[in-house]
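Below you'll find the structure I mean.
The values are calculated or read from the model by the stated rules, or taken from the named source; none is laboratory data. The structure displayed is predicted, hence computed values, not measured ones. Quick reminder, even Gly has a Cβ in these numbers, built from the backbone with ideal geometry, and neighbours come from all protein chains shown.
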């Protein structure tokens with residue numbers, strides 16, 4: 001072990017140098033066959049805006065995209081949200097038009113995911129997703145990506161199903177899958 005770290009540092013020390021603090025840089029090198037590649041990694045702060053599909057979502061989104069500076073919106077781990085919130089958020093950032101289809105399996109009915117009153121957003125939008133991004137958040141990301149309104153970084157669960165939450169007066173409730181999203185065919 002000593003020979004391998006003679007000119008370097010132990011992995012935990014490298015991890016500390018990379019992730020603790022907000023300034024500085026770290027020079028790294030790695031071997032690929034007989035070639036040695038080098039790079040310098042600089043630390044800095046990045047602001048990512050967390051977002052939730054719930055009460056006040058439309059207002060929050062409007063504030064995030066109000067300027068002309070690029071916006072990153074974190075949708076990781078979002079799995080809740082209803083159709084009404086999805087539509088009001090789409091109307092903040094999307095131009096009028098059809099953004100896909102919602103199919104209700106039980107009624108064998110397909111509805112357009114259509115924006116009537118579109119927004120006038122000029123800021124570039126980047127949506128950060130992961131496999132925990134589901135439901136309204138996944139439909140939102142896919143719809144905006146399909147029209148080139150936003151870039152999407154990461155991979156969603158691949159399960160774009162809208163969920164409705166039904167609550168009882170005693171505080172209990174249930175969720176119900178009500179429609180599956182599909183993109184507009186080009």
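So, residue 102, is that one assigned to a strand (DSSP E or B), touching a helix residue (DSSP H, G or I) at 6+ places or on another chain (Cβ under 6 Å) and either buried (at least 18 other Cβ atoms within 10 Å of the Cβ) or at pLDDT 85 or above (or both) or not?
Spelling it out, it is not the case that residue 102 is assigned to a strand (DSSP E or B), touching a helix residue (DSSP H, G or I) at 6+ places or on another chain (Cβ under 6 Å) and either buried (at least 18 other Cβ atoms within 10 Å of the Cβ) or at pLDDT 85 or above (or both).
Moving on. How about the range 105-126: which of its residues are modelled with pLDDT of 90 or more, farther than 14 Å from residue 184 by Cα and touching a helix residue (DSSP H, G or I) at 6+ places or on another chain (Cβ under 8 Å)?
The answer is 116, 125.
When you check residue 59 against the structure, is it surrounded by 10 or more Cβ atoms within 10 Å (Cβ to Cβ), under 30 Å from residue 174 (Cα atoms) and modelled with pLDDT of 80 or more, yes or no?
In short, yes.
Conditions (1) assigned to a loop (DSSP other than H, G, I, E, B); (2) farther than 28 Å from residue 128 by Cα; (3) out of contact with any helix residue (DSSP H, G or I) (no Cβ under 9 Å at 6 or more places or on another chain); (4) modelled with pLDDT of 70 or more, marked per residue:
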position	(1), (2), (3), (4)
1	yes, yes, yes, no
7	yes, yes, yes, no
13	no, yes, yes, yes
16	no, no, yes, yes
23	yes, no, yes, yes
30	no, yes, yes, yes
40	no, no, yes, yes
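Same structure, new question: Test each condition in (1) at pLDDT 75 or above; (2) more than 30 Å from residue 174 (Cβ to Cβ) for residue 90 and report the one that comes out false.
Condition (2) is where residue 90 drops out.
Can you give me the ranges of the strands (runs of 3 or more DSSP E) entirely in the range 121-185 with at least 1 residues that are more than 16 Å from the chain's Cα centre (by Cα) and without any contact (Cβ under 8 Å) to a residue 60 or more places away in the chain?
Correct list: 161-167, 173-182.
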